[in-house]
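Visitor: Can you keep this structure in mind? I'll have questions shortly.
Read the figures in this text as sums done on the coordinates, not as results from a lab. As the structure is a prediction and not an experimental result, all values here were calculated from the model. FYI the Cβ positions are ideal-geometry reconstructions off the backbone, even for glycines, and counts take in every protein chain you see.
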Amino acid sequence: MLILEGFQAGLSWLTILKKRQKFRAAFFNFNPIKMSRIKEADIKKLLKNPGIVRNRLKIEAARANASAFLITKEEFGSFKNYIWQFTEFKTIYSSRKAGAPAVTRTKESDLMSKDLKKRGFKFVGSTICYAFMQAVGMVADHDPGCFLKKQKA
């Protein structure tokens, strides 16, 4: 999910969703061991793949992130143990008012971004981290009119 969030930077999420299956195929079903072994010849092939976002920096970041993921997973026992520490292992629920501007970053996403970068991750700015946190359920900040917010009530 974090890799897809990185590819989404500067693009619409719909663009990434439409290419999700092609990303899975191109990146070995997001197997971090296989992704960490991507060579320059593989990158050249990926840059010609119309099914994914063909951005060299983002493709190289995906490889770097796979390697950093494996090291982090080893250090913490699982990536989940590492990543959820930023929310004290619980979902953060927002009390955002209807129509209020959406939040794009928080102190938690700032800390996560800084630490991920220190560990060698790329394309993990605070806004990307916040979007990741939303996508995986670390943050639930739906607008009060959203059907997901109503399910929580």
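Visitor: Treat every Asp and Glu Cβ in the chain as -1 and every Lys and Arg Cβ as +1, leave all other atoms uncharged, and give the resulting dipole magnitude about the Cα centre to the nearest 20 debye.
Guide: Result for the chain is approximately 600 debye, rounded to the nearest 20.
Visitor: For region 88-141, just the Cα set please: Rg and Dmax, both in angstrom.
Guide: 11.7, 38
Visitor: With 32 Å as the limit, write out which pairs from LYS48/LYS107; LYS45/LYS118; LYS39/LYS107; LYS48/LYS90 have Cα-Cα distances beyond it, or answer none.
Guide: From the list (LYS48/LYS107; LYS45/LYS118; LYS39/LYS107; LYS48/LYS90), the Cα-Cα distance tops 32 Å for LYS48/LYS107; LYS39/LYS107; LYS48/LYS90.
Visitor: Hey, any idea what Rg/Rh is for the chain, computing Rh the Kirkwood way over Cα pairs?
Guide: Ratio of gyration radius to Kirkwood radius for the chain: 0.99.
Visitor: Which one of ALA26, CYS129, ILE71 has its Cα pushed farthest toward the positive end of the charge dipole of the chain, where Lys and Arg give +1 and Asp and Glu give -1 at the Cβ?
Guide: Ranked along the dipole, the leading option is ALA26.
Visitor: A further question follows. Based on the inverse mean of 1/r over its pairs of different Cα atoms, what is the Kirkwood hydrodynamic radius of region 42-88, in Å?
Guide: On the way: mean 1/r = 0.0815 Å⁻¹.
After inverting the pairwise mean of 1/r, the radius is 12.3 Å.
Visitor: Nothing charged except the Cβ atoms of Lys and Arg (+1) and of Asp and Glu (-1): what's the magnitude of the dipole of region 22-80 about its Cα centre? Round to the nearest 20 debye.
Guide: Dipole of region 22-80, to the nearest 20 debye: 360 debye.
Visitor: If r is the Cβ-Cβ distance from PHE79 to ARG54 and R0 is 25 Å, what FRET efficiency results, to the nearest 0.05?
Guide: Rounded to the nearest 0.05, the efficiency is 0.40.
Visitor: Once the Cα atoms of helix 107-118 and of the chain are each reduced to a long axis, what angle between those two axes, in degrees from 0 to 90 to the nearest 10, is obtained?
Guide: 20 degrees
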